[in-house]
Amino acid sequence: MFLIVPFVSSHSRNQSIRSPIGDIRCRAMEKVIEATIVPCPNAKYGCKESTTYGNESSSHEKVCVFARCFCPVQNCNYGGSYTDLKGHANAAHSWKEYGLISFVFDRPLIFGMDINKKKMVVFREEQDGDLVVVQAFKGTEGVSVTVSCIAPLAPGIRKLSCSLAKLNQYTTLRLGLRVKNIQKVSEQMQFEDGFMFIPSYMLSGDHMKMQICIGSDEYKYIHI
């Protein structure tokens, strides 16, 4: 009995080793993975919904009421659900110590901002604890001011509007704004969103005296 062993030259062997494997897809396995149901990434914050594996653009995730929101207080790294965040801010931060301002819906109040030192002011609604952030962004031609609420984009979450005014001795600049819901404060100005622009000639030094009136209806103040 003879064993016949095929001869393979070193050249062809090396050439075979260097040959690329190529993109080999297993359609059956891909379908199995795509059909796999997994918990929402916000399950640890209380969400009971499920989504399909690897679906980063899930419509549920974009509007999940349990989406993680971050505390706007400076040097605080707390993150949690919308409801938990409001409880955290009330329990962890002294209003006097951190300079937070209490407000009531549809009741105007006056506040100040130092655009070189304190470029952000945090407001907390007295009853439900909604957190509203006013930010100032200084540019060469003046100052842009935004108003945001720390909340997810979920249906059923209250959307706000506000009347914002820059007060001078002889001049008042007033604008109605829809308050945008955001999950985390950013130091970068989002210019595609609503904001108030205050020209340089209305600024006297670094201190700005302003008035705000926040409403629980997202359309109440946008047409003033």
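The values are calculated or read from the model by the stated rules, or taken from the named source; none is laboratory data. Given the structure is predicted, the values throughout are model-derived calculations rather than measurements. FYI the Cβ positions are ideal-geometry reconstructions off the backbone, even for glycines, and counts take in every protein chain you see.
Being farther than 22 Å from Ile115 by Cβ and small (Gly, Ala, Ser) is the requirement here; does Ala165 meet it?
Details: farther than 22 Å from Ile115 by Cβ: no; small (Gly, Ala, Ser): yes.
No.
Could you count how many residues in the range 170-212 are of a type outside the set (D, E, K, R) and over 22 Å from the mean Cα position of the chain (by Cα)? Full working, then the answer.
Of all residues in the range 170-212, those of a type outside the set (D, E, K, R) come to 170-173, 175-177, 179, 181-183, 185-186, 188-191, 194-205, 207-208, 210-212.
Subset that is over 22 Å from the mean Cα position of the chain (by Cα): 170-173, 175, 198-205, 207-208, 210-211.
Adding up the residues that qualify gives 17.
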Is it the case that Lys159 is in a loop (DSSP other than H, G, I, E, B), surrounded by 15 or more Cβ atoms within 10 Å (Cβ to Cβ) and under 15 Å from the mean Cα position of the chain (by Cα)? yes
Kindly evaluate Ala67 against the criterion of being at pLDDT 80 or above and surrounded by fewer than 19 Cβ atoms within 10 Å (Cβ to Cβ). no
Among the residues listed as Ile222, Ile214, Ile198, the single one being in contact with a strand residue (DSSP E or B) (Cβ under 6 Å, 6 or more places away or on another chain), surrounded by 15 or more Cβ atoms within 10 Å (Cβ to Cβ) and under 16 Å from Thr140 (Cα atoms): Ile198
Go through the range 89-126 and give me each residue that's buried (at least 17 other Cβ atoms within 10 Å of the Cβ), modelled with pLDDT of 90 or more and not in a strand (DSSP E or B). Phe105
Could you please give the count of residues in the range 127-156 that are in contact with a Cys (Cβ under 9 Å, 6 or more places away or on another chain), in a loop (DSSP other than H, G, I, E, B) and closer than 20 Å to Asn90 by Cα? 3
